[in-house]
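Encoded as structure tokens, the structure appears first; notes follow it.
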Amino acid sequence: MQEQLKKLEQEATEKVTNVEDLKALQDIQVAYLGRKGSITEVLRGMGKLSKEERPVIGELANTVRTTIQAAIDEKKQLLERAELEKQLENETIDVTLPGRSVNFGGKHILTSIIEEIEDLFIGLGYEVREGPEVETDYYNFEALNLPKGHPARDMQDSFYITNELLLRTHTSPVQARTMSALDGAEPIRMICPGKVYRRDSDDATHSHQFTQIEGLYVDKNVRMSDLKGTLDLLAKHMFGTDRDIRLRPSFFPFTEPSVEMDISCKVCAGEGCSVCKRTGWIEILGAGMVHPKVLEMAGYDPKEYTGFAFGMGPDRIAMLKYGIDDIRRFYTNDTRFLKQFHEA
Ligand code: PHE
């Protein structure tokens, strides 16, 4: 029995020396020291031994167990360390490698322009309102003093869906809707940005879909001078405090009188250059005092209430501000173009 134990010890320690991975080591432990392991198996035969032999064999068995266990423990440590080292090596990061760049999105340039305008008007107590892009003939035209068959409808060639529905040609219907909803009950200060559609052939200065932002102020005693002061503020906010404005008489069916606003040309400071077509002025927007008929149709008493309205194209503003040569660039969304306007 002594020999058997010695042999097992030698066998086990040899195996431990040669083993290469933790799983196999674990197997050895079970095979020799486990409850059904070889050593236990040998000890089962102890009952057959004499009284004198038993303690001797018992002690030897313990020593053998301890020796094997010690060998296993030592090997286990070694293997574990080797494994850790291998893992560390595999996971080494080369900090000198170039990083993977992350692509950030950003605001579309037209969104930024609209937000800039919104900021100014929110500061002046205006509300931002939106309306449907598929609009009724009534709000897009009739409520704005453009009855069916009115020649001025030709100014805004339209995409009709049915006889009574069309893609809105301007954002003015949002104003008509807001006024009608309030039905003459209270003053209004609002701006409405959004997409609009006209049947134009696309070229460098025309797009069948573009953006507008309009403003409306209705209250008692609103005057033309209020409009002029507001537009002056807007021009300076968008283009710089050194800009002047001028108003020229114009025509819109929904405003009377109607004006068009120009700003002084930044490129030549009013001297005349190719950007301003030698006039020193650049046309920016249309505006006017809300037509009494428009007020009346929406339920406002034109003897009591007056108002002004203005409408402009963020596309045109962006083109002037950044020297962009083609309106289609805003809608074809080439990221190389759009990225130029992302904030750092
Ligand atoms: N809605 C007009 C247009 O699209 C612009 C405008 C708005 C003019 C408000 C005057 C007042 O041409």
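Quick look at the values:
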{"read-out": "Breaking point among (1) out of contact with any Leu (no Cβ under 8 Å at 6 or more places or on another chain); (2) more than 17 Å from Phe251 (Cα to Cα); (3) buried (at least 16 other Cβ atoms within 10 Å of the Cβ); (4) polar (S, T, N, Q), for Gln175", "value": "(1)"}
{"read-out": "Of all residues in the range 11-22 being exposed (fewer than 13 other Cβ atoms within 10 Å of the Cβ) and part of a helix (DSSP H, G or I), the one that is farthest from the chain's Cα centre (by Cα)", "value": "Glu14"}
{"read-out": "Wholly enclosed helices (runs of 4 or more DSSP H) of the range 262-344 bearing at least 1 residues in contact with a Phe, Trp or Tyr (Cβ under 6 Å, 6 or more places away or on another chain), of a type in the set (D, E, K, R) and farther than 18 Å from Ile245 by Cβ", "value": "314-322, 329-332"}
{"read-out": "Of residues in the range 281-299 being within 30 Å of Lys266 (Cβ to Cβ) and at pLDDT 95 or above, the one farthest from the ligand (Cβ to nearest atom)", "value": "Met289"}
{"read-out": "Number of positions in the range 128-180 that are of a type in the set (Phe, Trp, Tyr), closer than 16 Å to Val294 by Cβ and either away from the ligand (no atom under 14 Å from the Cβ) or at pLDDT below 95 (or both)", "value": "1"}
{"read-out": "Meets criteria (of a type in the set (D, E, K, R), over 60 Å from the mean Cα position of the chain (by Cα) and part of a loop (DSSP other than H, G, I, E, B)) for Arg54", "value": "no"}
{"read-out": "Residue tally, condition under 37 Å from the mean Cα position of the chain (by Cα) and either within 11 Å of the ligand (Cβ to nearest atom) or not basic (Lys, Arg) (or both), over the range 220-251", "value": "17"}
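The values are calculated or read from the model by the stated rules, or taken from the named source; none is laboratory data. Keep in mind that what you see is a predicted model, and the values were worked out from it rather than measured. Note that we place each Cβ from the backbone using ideal geometry, even for glycine, and neighbour counts take in every protein chain shown.
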